[in-house]
Structures are given as structure tokens and as C-alpha cells.
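The values are calculated or read from the model by the stated rules, or taken from the named source; none is laboratory data. Fair warning: this is a prediction, and the values are worked out from it, not measured in the lab. Here the Cβ is made from the backbone with ideal geometry for all residues, glycine too, and neighbour counts use every protein chain on show.
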Number of protein chains: 2
Amino acid sequence: MRKTASVGVTGATAANLDPLRPSPPPAPAPPTPPMPRGVRTSPLGRREVAGVPYGLRVLQEGYSCPHPAGGVRADGSISLVRGGPVTAVVDTGGPWGRRRLLELLGEEGLSPKDVTHVVCTHGHSDHVGNINLFPTATLLVGWDLSQGDGRYLPHGLAKGRPYVLHPGHLEVMATPGHTVNHVSVVVRGTSLGTVVVAGDLFEREEDEEEWRALSEDPGQQERSRRRVMAMADVIVPGHGPPFRVFREWGDGEVPWEEEEEGDATTGDGRKGHGDSPRGGGTPGDVPTEEEGGTGDVPKS
Amino acid sequence: MRKTASVGVTGATAANLDPLRPSPPPAPAPPTPPMPRGVRTSPLGRREVAGVPYGLRVLQEGYSCPHPAGGVRADGSISLVRGGPVTAVVDTGGPWGRRRLLELLGEEGLSPKDVTHVVCTHGHSDHVGNINLFPTATLLVGWDLSQGDGRYLPHGLAKGRPYVLHPGHLEVMATPGHTVNHVSVVVRGTSLGTVVVAGDLFEREEDEEEWRALSEDPGQQERSRRRVMAMADVIVPGHGPPFRVFREWGDGEVPWEEEEEGDATTGDGRKGHGDSPRGGGTPGDVPTEEEGGTGDVPKS
């Protein structure tokens, strides 16, 4: 099912829609980057996207639907990103799925010890249910970054800086709204362009009628959704199959390779990978915390 | 170590400090309940509080301190409430503590299947780390209430109504601030009065200098802290040992039994246990959802 969803941006730029961007320098104003007139989406139609170095496979497609006995039956998407030195699981599903997740990893030839990073997009029970399967992985749950037996580490997500897993290829960005500390995983350079594993920033492809009722901050979530819609070629939502994103620029479509340079969400005004790991970019290193402050070390 | 901490309430009532209370009827205003002038706290000095039907034992005392290699070393408190038909674990610690939690339960003569309810005060990784140990329990993580393999159920927490586990004895109340959907467990009728297992609403007994930096909404958290300080005789904080609470009323102290009737946090303006389970109060039943709305069924 293909649809057209306007992002509702006419005179604005992505820069001034970003709630986490630091205040811009006073002058001169950078040239306004072009913004798409609208965004079309369509189902990806499969669960994997190849890529070098990183490809993605959706191990479990999330869902939510009315339960026949009342309430809602739901589970979250679980994704695997692998190919380079980082092997990352994004979201772990609900706690009832422990054995199933082990089976899904086994089908990929992986044991939990092979997973170097676990990222949970937020702390809801259908996403964090099985984090204890991965005691050796670096763990990011929302903005809680920990290693080992409870060493919590600083990062710049609260200040809008990405947490970089592999410079240029794989990073976590803050996408607040559904929860205050919601994050998404960005995989660059796949065969389809940039894949964003977006947790419940998007419930599913056609979620316009439902996401606000589930949001802690709909205004922030709307801005986060626009940022991701402006940069992603594929989105993995929290409760539906992955879908493609096509942006319309003027009268034509611009494929992702050509627009990448003008992507306002990663370009002007930031120091590239400001959180690049120490020591030349060993994946999984702790990002340098430039501005300090205990508020960046969620310990609780 | 004993201290005196003013709750900073002079002319206000608990009623108008409650962010979740629905708008009051226009007239007449209820009589203003008395409020304590100040609150003193002191360490409980032990990890258990007896009670009928429910007593509490802190299985793991939470902590947080600087890590010698940088960052913070932290884990959350884990509490067990038992004695009546409900056996509840409140918070499950970090994901590195799976085996340890099994041992702690074993020392109480319990296996995970004996636990009927698991309540996680919020979705941070040092509190939700081991929810998959309890696949047969009713699970509440913040405002996510689920049973079985992902059936999410409605409740009234978002509207300020408690989620009742055992009417008159054991309930969950919304205590937003540290996170938007933070909850606390209230155990009534112990040998020391009302015990509130408060997660990270309180980091530790003397946390005045630190909790705000860790809060998603310090204003809301301040109000939630006041509510709990006005009703609790013992508080189990997220990252420190349990402590007692003494309220000063005028020139003297009033023990908990005498003030219970005038407790503004549970009294006037609410329909008592508005979420009382169907069917005469079988513990663990789903509270009746009177006002409906999918927004009360967090499915993601």
C-alpha cells in the first residue's frame, strides 16, 4: 500500500525544527537547505537490507492489535545490525519472548555473546524485555548507557549529539517524543541508503491517527518524526513492518545519494561526529564527553 | 544520620499540589486538610518491615557512586512484598544481576513462579533488567500493564487513579517526575505504618542536591515527592537504604495511625479505590476502566 504523507513543512527548514540543536551562531545565517515538499512511503516488502559494512535484518516484526479478550496484544520489533566490528541488537521485545529471541539469534548463527551492543529505543516493556540476555554487550536503554555490572557512562544524547558506534556508518540519535529519552539507530550506506531503526517514533507505516495518543510529548515527537523522515530511506517502526521513504523535491524525486550532502539533520552547525570515540574510532568506545556534567550520566 | 527537611509547604494543600488530580468541582471547596510543617527522616536501619497481611523486605539495596574508572556505578533497589495472596517484586535491578536475583528469591524460599506481580517503578535499565524472569506474573513497568505473552491492559494511572493489587492493603500510585510515567508501590498496615517503595522518586534519604539533575520533570517530581512524604512512614528509595519519615504537626509529632484519616493524598475528592478489581477484589484482577480510551492502554 503506497501513500503520500505531507510532512507539513512549507516555509521552515529542518534546522529550525530541531529541538535539540544548540542555539545557532548570531551571523551570518547559513543558506537555507532545500526541504522536500512531501514524503511518500511504501512497504519495504522484506525484512532485510544488505549493506557494506552494515546490513540490517528485522528478526521480529512488531505488531499491535486488539486482544480478543480485551486490551491490546502487542510486541515490539527486534532488529539486528551486523557486518562490521559492531554487532547490534536494536530492541529486545517483550519479556515473554526470551526463548524466541535466542532462537532468532541462533538462526543467524549468533549467540548473545556475539552481540557487542544492545540499543533499546526506550524503556517500555515490549522493548526492554530481554536485555539480560546480553551481559557482555554495551547497553543503551534510552539515555542509560552501561557496561559490565552497572558502570554507567556519559554521552551527549541529551545535548543532541549522536552516540557513535562506528564513525560514518552506525550511530544512535536522540528522537524524543514517544518518551522523553527515546533514541533511534541510524545505519548509513546500505543498498537502499540510510536505514533508521526508529522504535516507537513510528508505530507503523500508516500511523498518523494513532501515534499521538501514545506519546509523552506529541510536539517533540512530531519534530523527531520530521527529522527522521527527512533523512531516512528505510524506517523500521516499533509495531509494523519496515517501510521505504521517498522525498519529493520540487517536481521530481531525488534519490538518497544526491540529497545526502544537503541533509540538514546531519550537516551544518554540528561538528560532524562530535562524539567520536577516543583512540581513533574503535567501535564501542565511550564517546568523549566534552561538556561534562553529571546530568549526562543517568545512573538511575 | 537524622536530618530535618522542610517540605516547603506553607499555605498550600496536598490537593492543589497534585498534578494528576482532575479539575475540582466549582463549589463548595472542601475543608483544607492540615499539612505538616516539616518532615524529618532517619535511616530505618534494617531491610525488612513486618506487617499483616503484607510485609516488605528489601532484597537488594540500591546504590550509586563514582566508578573508579569513570562514570557511575549503580544498581537499583529490589523489594519483595508478601504475606497476602499477592507476592510482588518491586523493581528487578540491572540486567547483570539475573543470577543474583534468583539467589535472593531462593533465600526467601521463592521461585519466580511464586511471584504474582512485578512492578517496575520506571523503565530505566537498572530497574527493568530482569523482567523476563517472571513470565507468569502480571507486569507493570511504569504505565505498561501486561499479562502473558503481551496482552496489554487498561488502567487509570494516567488519570491519577491507583492500580489496586489488594484493596486497602496494596496499590500502585502514579508518582511522575523522574520519568513521566514513574510509579510507586504503597503497602498499608505494616508494623511501621505505610511503606512506599518509591523507585527513583527518591534517590536516597539525603538526595536534595542530586535528584533534580536526574529528573525528566523536576516540578512534577517535587509534587510527587511531597505527596509521598505526606503519606509514607517508611520510604524505600531507588539507590540507598530505606528510611523512616516523621511529620511534624504544629508543635508535636503525630504518629501515622492518627493522621491516616486526614491524609489528603488518599482522601477527599476521589472515589476511594476507584480501580477496585472486578469480582469482589480478587487480587491481580484487571481494574475496571470506567472512562475508556486507547490512551490508557500503552501498547508500545
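Only one of (1) within 13 Å of chain B (Cβ to nearest Cβ); (2) closer than 22 Å to residue B:123 by Cβ; (3) of a type outside the set (Val, Ile, Thr) fails for residue A:69. Which number is that?
(2)
Just one of (1) surrounded by fewer than 21 Cβ atoms within 10 Å (Cβ to Cβ); (2) more than 23 Å from residue A:129 (Cα to Cα) trips up residue B:54, so point out which.
Looking at each condition in turn, residue B:54 falls short on (1).
Whether any residue in the stretch A:181-200 is farther than 25 Å from residue A:47 by Cβ, of a type outside the set (S, T, N, Q), touching a residue at least 60 places away in the same chain (Cβ under 8 Å) and not in a strand (DSSP E or B) is what I want to check.
No, the stretch A:181-200 has no match at all.
How many residues does the stretch B:187-231 hold that are within 14 Å of another protein chain (Cβ to nearest Cβ) and charged (D, E, K, R)?
Qualifying residue count for the region: 9.
Conditions tested, residue by residue: (1) over 30 Å from residue B:138 (Cβ atoms); (2) touching a strand residue (DSSP E or B) at 6+ places or on another chain (Cβ under 8 Å).
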site	(1), (2)
A:46	yes, no
A:69	no, yes
A:79	no, yes
A:83	yes, yes
A:89	no, yes
A:93	no, yes
A:103	no, no
A:117	yes, yes
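Looking only at the stretch B:15-38, decide whether some residue is modelled with pLDDT of 95 or more, surrounded by 18 or more Cβ atoms within 10 Å (Cβ to Cβ), not β-branched (Val, Ile, Thr) and not in a loop (DSSP other than H, G, I, E, B).
No, the stretch B:15-38 contains no residue that is modelled with pLDDT of 95 or more, surrounded by 18 or more Cβ atoms within 10 Å (Cβ to Cβ), not β-branched (Val, Ile, Thr) and not in a loop (DSSP other than H, G, I, E, B).
Looking only at the stretch A:212-249, how many residues end up being assigned to a loop (DSSP other than H, G, I, E, B) and in contact with a His (Cβ under 6 Å, 6 or more places away or on another chain)?
Number of matching residues: 1.
Any idea which residue in the stretch B:163-180 is nearest to the other protein chains (Cβ to nearest Cβ), counting only those that are assigned to a loop (DSSP other than H, G, I, E, B) and within 14 Å of residue B:224 (Cα to Cα)?
B:180
Can we say residue B:171 is touching a Lys or Arg at 6+ places or on another chain (Cβ under 9 Å), among the acidic types (Asp, Glu) and at pLDDT 95 or above?
For residue B:171, the condition - touching a Lys or Arg at 6+ places or on another chain (Cβ under 9 Å), among the acidic types (Asp, Glu) and at pLDDT 95 or above - is met.
Across the stretch A:142-157, which residue is nearest to residue B:98 (Cα to Cα) among those that are more than 8 Å from chain B (Cβ to nearest Cβ) and in a strand (DSSP E or B)?
It comes out as A:147.
For residue B:209, all conditions in the list (1) without any contact (Cβ under 8 Å) to a residue 12 or more places away in the chain; (2) outside any loop (DSSP other than H, G, I, E, B) hold save one; what is the number of the exception?
(2) is the only condition that residue B:209 fails.
Residue-wise test of (1) surrounded by 24 or more Cβ atoms within 10 Å (Cβ to Cβ); (2) at positive phi; (3) in contact with a Pro (Cβ under 9 Å, 6 or more places away or on another chain).
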site	(1), (2), (3)
A:124	yes, no, yes
A:128	yes, no, yes
A:136	no, no, yes
A:176	yes, no, yes
A:187	yes, no, no
A:194	no, no, no
A:199	yes, yes, yes
A:205	no, no, yes
